[in-house]
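First up is the structure itself, then whatever we jot down about it.
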Amino acid sequence: MSQTAISRSAPTLAAWLHAFTFCLSRSRFSVIVLIAGLALLLSDQGRDVLTAYAEDNKTARVALAAAFWAFSIWGWSRLLLDVRYDELPSCMSCYNWCRKWLPRLLGASAFLVVAFSAYQTDQALLAWWALGGFAVFLVLVIWRRPAARKLASLLSKSSGASLRTLVRSLEKGDIGPESEPPYANFRDMLGIPGRDSRLAGEGWELRALIALAMFLMFLGLAALGNIVPVWLGNKAGPLILFFLWGATWLPLGSWMSYVADKHGVPLISLLVVVSLVSSYTNDNHEIRHAEGGKPVDSRPSVTKALNAWSEANKPAGNEATPFVVVATAGGGIRAAYWTATVLGDLHDHADRFPQRTFALSGVSGGSVGATVYRALLDVPPEQLRTRCPKGMMDCAQRILGNDFLGPLTAALLYPDLAQRFWPMPMFPDRAAALEKSWEASFDEVSGDDRLNGSLVALGDRAGAPSLFLNATWSDNGRRIVASNLRYAKNNQDETESFVRSNDELAVLGYDLRLSTAAHNSARFPFVSPPGMWKHEGKIAGRLQDGGLFENYGAETALEILDLACRRFACPEAGDKRKRELQNIIPYFPHIEIRISLIFAAAVP
């Protein structure tokens with residue numbers, strides 16, 4: 001039966017469904033890019049990003065990037081549905097209606113979801129930008145072909161080769177109920193002339209030049225995402241970067257879709273299989289070593305550090321000395337910012353807070369805030385006063401108030417996504433991009449590169465808080481702690497106090513950067529990948545976010561307090577044998593994002 005005879009058959013529900021799913025499958029990557037954008041824009045994180053763009057006066061940039069994304073979704077689905085495939089749906093009127101309106105629906109949805117998300121975050125200016133873009137989009141896609149044909153008629157009398165090429169690209173009829181797709185293949189669809197046409201003086205049509213420019217833009221962004229993800233992420237920001245990625249990736253994705261459909265290859269299933277098979281050998285998320293790191297066995301033991309704290313906090317008489325162990329909970333970048341705020345305020349207003357504080361036990365975002373505060377303590381005081389004249393709290397807030405999602409997004413969309421389909425580890429780790437963004441922000445504000453420095457080196461300075469950064473050992477679900485102190489195996493008190501804790505640096509066998517140690521505690525699922533380490537060339541284990549075990553840092557803090565009350569005389573001990581020991585009063589401030597700042601008055 002001929003295609004013409006088939007097209008005259010009456011539409012049925014089954015024919016409509018077949019035509020719709022046929023068009024949807026040919027536009028698969030436009031649909032995937034749209035769904036990814038919908039998920040991002042309707043999420044809490046996406047709305048936070050929209051708000052941040054508005055606060056930075058970048059609304060127009062977001063609107064233009066969103067328009068580029070929306071028009072690309074529409075354009076590439078439109079072009080793919082203008083190709084004649086071998087087996088078209090039986091109902092041509094159904095098929096032509098779907099191929100005419102589905103691309104318009106996809107493009108319009110992109111504009112409307114941006115407007116809705118902006119409305120939900122009270123970003124009226126962006127909402128009006130998106131609605132304006134939606135109106136322009138409707139005008140262009142509905143009336144572009146009648147206007148193009150009129151323009152082609154005016155230009156048709158010209159004899160210039162370039163104008164003839166333009167006229168040919170403009171002379172396209174509208175899609176009617178019985179229309180056949182106008183292009184025989186992908187090359188014709190783009191408007192790239194063959195050899196004979198080139199000899200006759202015909203050039204590339206406008207859509208071919210646009211497709212080439214978009215693909216070159218994709219390659220340029222991919223190169224920057226691999227080489228300088230922190231710079232790219234900071235310049236563009238996460239949402240604009242996503243829009244640019246989605247728009248410029250579609251030329252490649254559409255070509256892959258066309259080739260797969262022409263040869264009957266189940267592309268999505270093939271990509272899933274390739275990704276699953278590659279995942280057995282392509283883990284590129286190895287935990288970074290500290291440059292010039294120190295031997296992990298050179299760290300002082302916890303007991304030795306307690307002795308150093310005692311020397312630095314000897315009372316004038318017999319009175320008890322405040323002994324502070326801070327526990328700080330997880331909660332993403334908000335927890336990091338809040339932890340740094342609380343610790344900075346205590347530093348600025350509570351007398352001798354850093355000297356009285358023996359340890360900071362953190363989880364996830366709390367670990368990041370605690371690490372930033374601890375690193376600032378090692379910046380030369382005069383330099384810190386010059387760089388941060390308003391005090392420690394302001395300094396820590398400025399460091400953690402920067403955008404860290406942008407660099408992570410750059411690394412995720414380019415090197416990390418490519419790595420998922422490559423069988424051997426060869427692309428940069430996205431975790432490193434996040435850590436480097438913290439380091440860059442710390443250096444920018446403080447003028448010091450301490451966050452890129454050694455964790456073990458912190459143990460060299462007595463009288464300053466030690467870090468205990470809690471992660472989860474994925475292989476066994478246990479708590480594993482990165483610290484500048486070690487657990488002494490030959491000390492019974494330490495062994496008993498930390499019996500349920502694992503020494504991260506001893507397990508890994510190497511020193512870590514401060515940024516990496518903090519990140520190991522804050523590897524939140526889907527945002528940051530599990531970090532892995534190797535022994536003798538083979539993967540020995542993986543770490544994830546400490547909140548998967550316990551989200552408050554309290555377990556480790558209580559273990560430290562238990563050991564302290566073995567070493568010193570605590571008020572609750574009631575052990576007369578300890579009367580000759582130094583008396584301490586344990587303070588256990590706990591920082592959590594949901595509570596107000598109440599500790600400054602409580603810690604002497």
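Assorted remarks:
- Loop-located GluC sites (Glu not before Pro) in the stretch 484-559 (DSSP state not H, G, I, E or B) with no more than 10 neighbouring Cβ atoms inside 10 Å: E536.
- Separation between Cα centres of the stretch 266-302 and the stretch 368-412, rounded to whole Å: 27 Å
- Note on the chain: dipole from Cβ charges, positive end direction compared against I585, L543, A350; the farthest Cα belongs to L543.
- Segments 96-106, 311-321, 355-365 sorted - mean Cβ within 10 Å per residue, highest first: 355-365, 96-106, 311-321
- Annotation: extensible slack from Y119 through V139 equals 4.9 nm (criterion: 0.36 nm per residue apart, minus Cα-Cα distance).
- Cα centroid separation, the stretch 79-137 to the stretch 317-342 (Å): 51 Å
- q = 0.21 Å⁻¹: log10 I(q)/I(0) that the Debye formula gives for the stretch 46-105, counting C-alpha atoms only: -0.82
- When +1 charges are put on Lys and Arg Cβ atoms and -1 charges on Asp and Glu Cβ atoms, the dipole computed for the stretch 206-315 relative to its Cα centre reaches about 240 debye.
- Considered as an equivalent ellipsoid built on the Cα gyration tensor, the chain has semi-axes of 61, 24, 20 Å, the largest given first.
- Translational D in µm²/s for the stretch 58-142 (Stokes-Einstein at 37 °C, 0.692 mPa s, Kirkwood Rh from C-alpha pairs): 238 µm²/s
- 18 Å tail of the calculated P(r), the stretch 363-457, as % of Cα pairs: 51 percent
- Sorting the segments 486-493, 48-55, 87-94 by their mean number of nearby beta carbons within 10 angstrom, highest to lowest, gives 87-94, 48-55, 486-493.
- Taking other C-beta atoms within 10 angstrom as a stand-in for reagent exposure, H263, H349, H519 fall in the order H263, H349, H519, fewest first.
- For the stretch 495-543, applying the loop criterion from DSSP together with a ceiling of 10 other beta carbons within 10 Å to the chymotrypsin sites (Phe, Trp or Tyr not before Pro) yields F526.
- About its Cα centre, the dipole of the chain is roughly 1740 debye, where the only charges are +1 on Lys and Arg Cβ and -1 on Asp and Glu Cβ.
- The mean sequence separation of alpha-carbon pairs under 8 Å and at least six residues apart, normalised by the residue count of the chain, gives a relative contact order of 16 percent.
- For the stretch 296-591: rounded, prolate or oblate by the Cα gyration tensor [a/c cutoff 1.5]: oblate
- Anisotropy class of the stretch 14-115 from Cα gyration tensor, a/c 1.5 cut: prolate
- Since only V273, M532, I192 are under comparison, the one whose Cα sits farthest along the positive direction of the charge dipole of the chain, derived from C-beta charges on Lys, Arg, Asp and Glu, is I192.
- Qualifying GluC sites (Glu not before Pro) in the stretch 424-470, where qualification requires a DSSP coil assignment and no more than 12 other C-beta atoms within 10 Å, are lacking entirely.
- The stretch 296-591: relative contact order in percent, alpha carbon pairs under 8 Å with at least 6 residues between: 28 percent
- Near S301, the amide H atoms lying under 5 Å from its own belong to R486; only residues 5 or more places off or on other chains count, and H is placed 1.01 Å from N.
- Gain upon complete extension [L131, I585; 0.36 nm per residue less C-alpha separation]: 157.2 nm
- Taking a ≥ b ≥ c as the square roots of the eigenvalues of the alpha-carbon gyration tensor, the stretch 279-376 is classed oblate because a/c is 1.5 or more while a/b is no larger than b/c.
- For the stretch 461-527 versus the stretch 203-243, the gap between their alpha-carbon centres in whole angstrom: 40 Å
FYI, it's all coordinate maths here, none of it is from the lab. Because the structure is a prediction, the values reported are computed rather than measured. Positions of Cβ are backbone-derived with ideal geometry, glycine not excepted, and every protein chain shown enters the neighbour counts.
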